[in-house]
Amino acid sequence: MKYRILFAFAPLVLAVACATTGPAVTGGAETGTDVVIDMQPILRFAPTPQTISLGDTVEFRNVSAFVHSVSTRPATPEESASTELPAGVESFDSGDIPAGGIYRHTFTVTGTYKYFCDPHHGAGMVGTIIVTES
Ligand SMILES: [Cu+2]
């Protein structure tokens, strides 16, 4: 009887666990990925700041249950203040990344990149990547 009750609640416990941690991103990083940055349920990029080598490909992984984005295309003065690109570098924007989704970007110019999550900029979801000569 004790065990039957345990089993009856198991799906509920599993559902609650998924709701708080978000979906798992299946599989390892894609081939060619050098660095992984998570987009977390607490509306933060991690790790940040992150130093990488010239030519590295970063895989941004949405490990939360929310839609996130990786953007260097500000639409407001506040977002502009959170954005920085090395001279001559074209801006990039992932668009909406669904729960469990990924976005990959290769960095081919050294310098400091400051980016933000479009839906959560107001919550302080910003990040920095520093690209150095390898
Ligand atoms: Cu976000």
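Residues in the range 81-123 average 50 Å² of solvent-accessible surface per residue, probe 1.4 Å, ligands and nucleic acids excluded. Computing FRET efficiency as 1/(1 + (r/R0)^6) for Glu78 and Leu54, where r is the C-beta to C-beta distance and R0 is 30 Å, gives about 0.50. Per residue, the convex hull spanned by the Cα atoms of the range 35-134 measures out at 80 cubic angstrom. Counting only protein heavy atoms and using a 1.4 Å probe, the accessible area of Asp93 comes to about 60 Å².
Residue separation times 0.36 nm, minus the C-alpha to C-alpha distance between Thr31 and Ile130: what's the value?
Numbers: separation 99, 0.36 × 99 = 35.64 nm, distance 2.20 nm.
Net length gain for the segment: 33.4 nm.
Of the residues Ile102, Ile52, Ile42, the one with the largest accessible area comes first in the ranking Ile42, Ile102, Ile52, computed with a 1.4 Å probe on protein heavy atoms. Karplus-derived 3J(HN,Hα) values for the range 110-119, using 6.51 cos²θ - 1.76 cosθ + 1.60 with θ = phi - 60°, are 6, x, 9, 10, 10, 10, 8, 8, 4, x Hz; glycine and proline are entered as x. Taking all protein chains together and rolling a 1.4 Å probe, Ser134 ends up with roughly 120 Å² accessible.
Accessible area of Leu43 (1.4 Å probe, protein heavy atoms only, ligands and nucleic acids ignored): about 40 Å².
The values are calculated or read from the model by the stated rules, or taken from the named source; none is laboratory data. Just so you know, these numbers come straight off a predicted model, no measurement behind them. With ideal geometry, Cβ positions are generated from the backbone for all residues, glycine too; neighbour counts draw on all protein chains shown. Heavy atoms of the whole protein, side chains included, go into the accessibility calculation; ligands, DNA and RNA do not. Shrake-Rupley method; radii C 1.70, N 1.55, O 1.52, S 1.80 Å.
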